[in-house]
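J.: Below is the structure I would like to discuss, written out as structure tokens.
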């Protein structure tokens, strides 16, 4: 199953792997089909097909020095590397490289929690630290901080941030890349660099200050291929004393506009500091799913439009809210009570809106309170794996899937824009043959922008999955023509996504590739990641 | 006074200037001594000395296309450019270039406020937009947003952010670079690039989402020399309904430790959302100034240490607080009242501390309320120029100065670190011959790190100023050895500052210079800015 890197002979690879074995020990170099198969994307939509992205081999260093030595060998043999932190990036390509034949550099053995400060509220971690590891460290040391974790808690704290991953607590924390502070990186030439205040030997504020002095280069290493990150600082949330939630319901289709306007005000001024959770009140968001209430006039016309008046009447007759938003609050009990009271007063200006008090309790979280809040552990900085039930058998997926790909475009943060995106993306889905829910809900993971998320279920039927991959590519292209760009994408689709970020005849991509050429002339570092290639491994390699 | 660029003949420059005149019109190319003198650093500590940084000429384009054409001519003639937004960067080098002979590209004519959105709370501005311009636009259109401005309000919104400048309102806004969202840049080869969602033609969320897809390159353009920024988005604060402040006093020297610990908790969880203002209660912070109370035992020993017990007794006898902190709150009146109440309960755990309620009033600001708050307009998002009184005749500066340079190192965000920095920086000041106040106060401009600010008064006496420049360079070096790095520096000192960010034998600087070589092979873009040079204009040029 393993594939050779383009232009590299089996002999040359074998020689390089021997050198890797000298560095990390023979037990930590993997080249048998059986071993390399563990680095396949378990959710690959091209499973066992010629286009499946697969590595040639893998190597697992235990230290920064070993990473540096590996990079030097890669330069010597012009070998493409593909670094992963723990490789748990399911839905976006797992641990498989962007270019088949790349050698996975698996950093799972570098898994120390180097520091957690619960007075300045940050952590310094190595790549292999999973959310569960950090959580355990915090619990074991009784530290008064929360981490912010994505839905599946098994992945790498660093890997998730470097992929622009997101979570569920405060706005300064749930955008994981924005919350990072300081990197240590093995550069493509094997040199070790620290960014921000880490560039000053002896500085004691590497995790306090994000920029340091001069140009800030951190951004190149997230969704990028400019080096192998070996340490990362991340800001943590001080453990709050209490939690509260509350839900607002509105009656009409167009009420989403003032609803979002008020939420924006509350969020941008910090009056609510949890993840706002928008809901669609008329029925399941997956149009046509078996749980769709019969008689609901939610089915769109071919151009994506709906009979808004009929929908509003339906909502009124059934006494269903058209939209809902649940707000979450963290902080001192009296403060968050005042915040929710104020929020209610603002929403009350929307005619027909209602406010429903949710759970409110002191922290730390108990099982009873978790039950009462009717929500997930991630809202409380606790890792969880229940998200994996999504592709299991359920009312919307009668046949359990073999995984998912996520299509995740960004949408402007207004009600008008969301309503427009719902219509347009549904219509594009129909056009390209990829089922897109008509009532996509805006997700507020990022501080100031919405993302909507469309799951593409993997069936392991090559004909179906192959069609889905093509439909996904078409979807990305057409959505891009309408101004919708993805925040993150499956490795197979990254070229298509970057293609759509085409302002100035692809000036951004060209600039990135020139920068890369300046620091990685042999093109060894993750060729093709985010659609960035090099002279040695050009785009045609894809 | 003007100087030629290194290696460029007067004839070659004259030919290039004619080409510039063809682009922008002859009225907007400046090369007479009289005209070029306007681009001198009015606060230069090397005024009229051989080392003074001065331009060869200046050119003021009116459009993006003109900037692109200027860059193409610069490449043709290998001319170094030095872009400025409005050039009002006093204290850090004004509008003078890092390398004498550079041609200033003055962007003041590109001064349109392109958009202000008071539902999504952002602005999109051109380089020449000053804080006063943006403020007027907001007022004229009765928009419900605040901008965040630095102490002098006459500078450029974009220029300040690109220099990592800071202000005085909420934590998500007063770090101006962190609040930027989206850039348009003329690259060193003349191409036009947009970053983030701006890279997607047709995207309507350029100012909503900071990263876009793939490597984020924005950081290269702040304190950097990778291009000329022609548009920038910046997040604004929703206009709050009310303001409150309150002051905490503590009795003892070491009480700074718990004081800062509580402030950190409150800030990091958003329970206070204004700029915390720390104060020293025993007398003026400028040790030895005439207003120093006689008999105060605040004078340090030669190693920088003080008799803490004597100081604590002095504070107790005189009933003076040792330290104070004033907190500011923005938001709904009931919410901020609850926040201040909670804050008081937390500080009450420090023995001997006192809480003093400050001003509390509804907004918008009135003159009466400004008076009542006993603070500055900048706390309310209003531009001001009163800071310029600082170098005027006053109790601490009996002889009015001719300007200031700022020495601004970053300090870890704990009381222990602040106490250590006060002692160490004072001692270094004594060593190098640069007066450093013994009781430097931590400034919380940045979200998670402290900066302390030492003013160096410019006298226009060449002997004194020259000594100060050398002392400043020495200070930077020695402070760097102790782990204190500047967040920003005067153009004259930037090489010294970057020198101190030396981890991995200057790996960060080398990486930046390699990146730059990849995109600016002729080295035309601001040679030497932040200590980043190129093969064509190497460091020895400095």
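J.: Take the conditions modelled with pLDDT of 95 or more, over 30 Å from residue B:389 (Cα atoms) and either more than 7 Å from chain A (Cβ to nearest Cβ) or crowded, with 24+ Cβ neighbours inside 10 Å (or both) and apply them to residue B:161. Does it pass?
T.: Numbers: modelled with pLDDT of 95 or more: yes; over 30 Å from residue B:389 (Cα atoms): no; either more than 7 Å from chain A (Cβ to nearest Cβ) or crowded, with 24+ Cβ neighbours inside 10 Å (or both): yes.
No; evaluated as a whole, the condition is false for this residue.
J.: I would also like to ask the following. Quick one: would you say residue B:212 is closer than 27 Å to residue A:267 by Cβ and in contact (Cβ under 8 Å) with a residue 60 or more places away in the chain?
T.: Numbers: closer than 27 Å to residue A:267 by Cβ: yes; in contact (Cβ under 8 Å) with a residue 60 or more places away in the chain: no.
Considered against the rule, which asks whether it is closer than 27 Å to residue A:267 by Cβ and in contact (Cβ under 8 Å) with a residue 60 or more places away in the chain, residue B:212 comes out as no.
J.: Can I ask one more? Can you tell me which residues in region B:98-126 are without any contact (Cβ under 8 Å) to a residue 24 or more places away in the chain and in contact with a helix residue (DSSP H, G or I) (Cβ under 6 Å, 6 or more places away or on another chain)?
T.: The initial filter retains those residues of region B:98-126 that are without any contact (Cβ under 8 Å) to a residue 24 or more places away in the chain, namely B:111-112, B:119.
Scanning region B:98-126 gives a single hit, B:119.
J.: Would a scan of region B:249-272 turn up a residue that is modelled with pLDDT of 95 or more and assigned to a strand (DSSP E or B)?
T.: To start, the set of residues in region B:249-272 that are modelled with pLDDT of 95 or more comprises B:249-272.
Now drop any that are not assigned to a strand (DSSP E or B), which leaves B:249-250.
Scanning region B:249-272, I find at least one residue that is modelled with pLDDT of 95 or more and assigned to a strand (DSSP E or B), so the answer is yes.
J.: A follow-up question, please. Condition (residue is part of a loop (DSSP other than H, G, I, E, B) and either without any contact (Cβ under 8 Å) to a residue 60 or more places away in the chain or under 26 Å from the mean Cα position of the chain (by Cα) (or both)) applied to region A:76-84: is it met by at least one residue?
T.: First, the residues of region A:76-84 that are part of a loop (DSSP other than H, G, I, E, B): A:78-80.
Subset that is either without any contact (Cβ under 8 Å) to a residue 60 or more places away in the chain or under 26 Å from the mean Cα position of the chain (by Cα) (or both): A:80.
Checked region A:76-84: at least one residue is part of a loop (DSSP other than H, G, I, E, B) and either without any contact (Cβ under 8 Å) to a residue 60 or more places away in the chain or under 26 Å from the mean Cα position of the chain (by Cα) (or both).
J.: Residue check: is residue A:2 at pLDDT below 95 and either under 30 Å from residue A:457 (Cα atoms) or assigned to a loop (DSSP other than H, G, I, E, B) (or both)?
T.: Details: at pLDDT below 95: yes; either under 30 Å from residue A:457 (Cα atoms) or assigned to a loop (DSSP other than H, G, I, E, B) (or both): yes.
The answer is yes for residue A:2.
J.: When you scan region B:293-314, do you find a residue that is closer than 30 Å to residue B:66 by Cβ and not in a helix (DSSP H, G or I), even just one?
T.: Within region B:293-314 (the criterion being closer than 30 Å to residue B:66 by Cβ and not in a helix (DSSP H, G or I)), the answer is no, since none of the residues qualifies.
J.: Any idea how many residues of region A:440-471 are in a helix (DSSP H, G or I) and in contact with a helix residue (DSSP H, G or I) (Cβ under 6 Å, 6 or more places away or on another chain)?
T.: Pass one, region A:440-471, residues in a helix (DSSP H, G or I): A:462-471.
Checking the rest, the ones that are also in contact with a helix residue (DSSP H, G or I) (Cβ under 6 Å, 6 or more places away or on another chain) come to A:471.
Residues that pass the stated criteria total 1.
J.: Now for a separate question. Could you check how many residues of region A:96-140 are farther than 23 Å from residue A:206 by Cα, assigned to a strand (DSSP E or B) and over 23 Å from the mean Cα position of the chain (by Cα)? Break it down into steps so the answer makes sense when it comes.
T.: Taking region A:96-140 first, the residues farther than 23 Å from residue A:206 by Cα are A:96-106, A:108-109, A:132, A:136, A:139-140.
Okay, now just the ones that are also assigned to a strand (DSSP E or B), so A:103-106.
Now drop any that are not over 23 Å from the mean Cα position of the chain (by Cα), which leaves A:103.
Qualifying residue count for the region: 1.
J.: Scan region A:486-499 and tell me whether some residue there is over 22 Å from residue A:82 (Cβ atoms) and at the interface with chain B (Cβ under 7 Å from one of its Cβ atoms). Give the derivation first.
T.: To start, the set of residues in region A:486-499 that are over 22 Å from residue A:82 (Cβ atoms) comprises none.
No: zero hits.
J.: I've got another one for you. Among the residues of region B:325-348, count how many are surrounded by fewer than 18 Cβ atoms within 10 Å (Cβ to Cβ) and either away from chain A (no Cβ under 14 Å) or touching a strand residue (DSSP E or B) at 6+ places or on another chain (Cβ under 8 Å) (or both).
T.: Within region B:325-348, residues that are surrounded by fewer than 18 Cβ atoms within 10 Å (Cβ to Cβ) and either away from chain A (no Cβ under 14 Å) or touching a strand residue (DSSP E or B) at 6+ places or on another chain (Cβ under 8 Å) (or both) number 2.
J.: Shifting gears a bit: Which numbered condition in (1) within 11 Å of chain A (Cβ to nearest Cβ); (2) part of a loop (DSSP other than H, G, I, E, B); (3) more than 19 Å from residue B:186 (Cβ to Cβ) is the only one that residue B:521 fails?
T.: (3)
J.: I want to confirm something. Restricting to region B:367-380 and keeping residues that are within 20 Å of residue B:238 (Cβ to Cβ) and out of contact with any strand residue (DSSP E or B) (no Cβ under 9 Å at 6 or more places or on another chain), which single residue is surrounded by the fewest Cβ atoms within 10 Å (Cβ to Cβ)?
T.: B:377
J.: Please find, within region B:186-202, the residue that is surrounded by the fewest Cβ atoms within 10 Å (Cβ to Cβ) out of those that are touching a residue at least 40 places away in the same chain (Cβ under 8 Å) and more than 7 Å from every other protein chain (Cβ to nearest Cβ).
T.: Among those residues, the one meeting the criterion is B:190.
J.: Would you mind finding the one in A:280, A:211, A:226, A:243 that is under 30 Å from residue A:117 (Cβ atoms), modelled with pLDDT under 95 and either surrounded by 20 or more Cβ atoms within 10 Å (Cβ to Cβ) or within 10 Å of chain B (Cβ to nearest Cβ) (or both)?
T.: Numbers: A:280 fails: under 30 Å from residue A:117 (Cβ atoms); A:226 fails: modelled with pLDDT under 95; A:243 fails: modelled with pLDDT under 95.
Every option except A:211 fails the conditions.
J.: Need the failing condition index for residue A:436 against (1) part of a loop (DSSP other than H, G, I, E, B); (2) touching a residue at least 40 places away in the same chain (Cβ under 8 Å); (3) in contact with a helix residue (DSSP H, G or I) (Cβ under 7 Å, 6 or more places away or on another chain), just the number.
T.: (2)
J.: Given the structure, is residue B:128 closer than 26 Å to residue A:211 by Cβ, at pLDDT below 95 and either within 13 Å of another protein chain (Cβ to nearest Cβ) or surrounded by 22 or more Cβ atoms within 10 Å (Cβ to Cβ) (or both)?
T.: On the way: closer than 26 Å to residue A:211 by Cβ: yes; at pLDDT below 95: no; either within 13 Å of another protein chain (Cβ to nearest Cβ) or surrounded by 22 or more Cβ atoms within 10 Å (Cβ to Cβ) (or both): yes.
Here the answer is no, as residue B:128 does not meet what is asked.
J.: Taking region B:350-385, which residues are more than 17 Å from the chain's Cα centre (by Cα) and assigned to a helix (DSSP H, G or I)?
T.: B:367, B:368, B:369, B:370, B:371, B:372, B:373, B:377, B:380
J.: Condition first: assigned to a loop (DSSP other than H, G, I, E, B) and either surrounded by 20 or more Cβ atoms within 10 Å (Cβ to Cβ) or in contact (Cβ under 8 Å) with a residue 60 or more places away in the chain (or both). Now tell me which residues in region A:400-433 satisfy that.
T.: Going through region A:400-433, the residues assigned to a loop (DSSP other than H, G, I, E, B) turn out to be A:400-403, A:408, A:412-414, A:433.
Within region A:400-433, A:402, A:403, A:408, A:412, A:413, A:414 qualify.
J.: Buried (at least 24 other Cβ atoms within 10 Å of the Cβ), closer than 30 Å to residue B:73 by Cβ and more than 8 Å from chain A (Cβ to nearest Cβ): is that true of residue B:176 in this structure?
T.: Working: buried (at least 24 other Cβ atoms within 10 Å of the Cβ): yes; closer than 30 Å to residue B:73 by Cβ: no; more than 8 Å from chain A (Cβ to nearest Cβ): yes.
No, not satisfied.
J.: Still on this structure, please answer the following. Go through region A:472-484 and give me each residue that's in contact with a strand residue (DSSP E or B) (Cβ under 6 Å, 6 or more places away or on another chain) and assigned to a loop (DSSP other than H, G, I, E, B).
T.: A:484
J.: Test each condition in (1) in contact with a helix residue (DSSP H, G or I) (Cβ under 7 Å, 6 or more places away or on another chain); (2) more than 12 Å from chain B (Cβ to nearest Cβ) for residue A:238 and report the one that comes out false.
T.: Every condition holds for residue A:238 apart from (2).
J.: Can you tell me which residue within region B:500-513, out of those that are more than 7 Å from every other protein chain (Cβ to nearest Cβ) and within 21 Å of residue B:99 (Cβ to Cβ), is surrounded by the most Cβ atoms within 10 Å (Cβ to Cβ)? Even if it seems obvious, please write down each step before you answer.
T.: Here is the first cut: in region B:500-513, the residues more than 7 Å from every other protein chain (Cβ to nearest Cβ) are B:505-506, B:509-510, B:513.
This time we only want the ones that are within 21 Å of residue B:99 (Cβ to Cβ), so: B:506, B:509-510, B:513.
Details: B:506: 18, B:509: 26, B:510: 17, B:513: 21.
Filtering first and then ranking leaves B:509.
J.: Now for a separate question. How many of the residues in region A:19-67 are assigned to a helix (DSSP H, G or I) and farther than 26 Å from residue A:469 by Cα?
T.: Filtering region A:19-67 for residues assigned to a helix (DSSP H, G or I) gives A:19-24, A:26-28, A:33-39, A:64-67.
Now narrow it down to the ones that are farther than 26 Å from residue A:469 by Cα: A:19-24, A:26-28, A:34-35, A:64-67.
Qualifying residue count for the region: 15.
J.: Here is a follow-up. Can you find a residue in region A:141-150 that is within 14 Å of chain B (Cβ to nearest Cβ) and assigned to a helix (DSSP H, G or I)? So that I can check it myself, show each step before the final result.
T.: At the first step, the residues of region A:141-150 found to be within 14 Å of chain B (Cβ to nearest Cβ) are A:143-148.
Subsequent filtering for residues that are assigned to a helix (DSSP H, G or I) retains none.
No, every residue in region A:141-150 fails to be within 14 Å of chain B (Cβ to nearest Cβ) and assigned to a helix (DSSP H, G or I).
J.: Something else: Take residue B:539 and tell me if it is farther than 28 Å from residue B:171 by Cα, surrounded by fewer than 21 Cβ atoms within 10 Å (Cβ to Cβ), within 14 Å of chain A (Cβ to nearest Cβ) and modelled with pLDDT under 95. Give the steps one after another, and end with the answer.
T.: Working: farther than 28 Å from residue B:171 by Cα: yes; surrounded by fewer than 21 Cβ atoms within 10 Å (Cβ to Cβ): yes; within 14 Å of chain A (Cβ to nearest Cβ): yes; modelled with pLDDT under 95: yes.
For residue B:539, the condition - farther than 28 Å from residue B:171 by Cα, surrounded by fewer than 21 Cβ atoms within 10 Å (Cβ to Cβ), within 14 Å of chain A (Cβ to nearest Cβ) and modelled with pLDDT under 95 - is met.
The values are calculated or read from the model by the stated rules, or taken from the named source; none is laboratory data. It should be emphasised that the depicted structure is a prediction, and the values quoted were computed from it without experimental measurement. In this analysis, Cβ positions are derived from the backbone assuming ideal geometry, glycine residues included, and neighbour counts consider all displayed protein chains.
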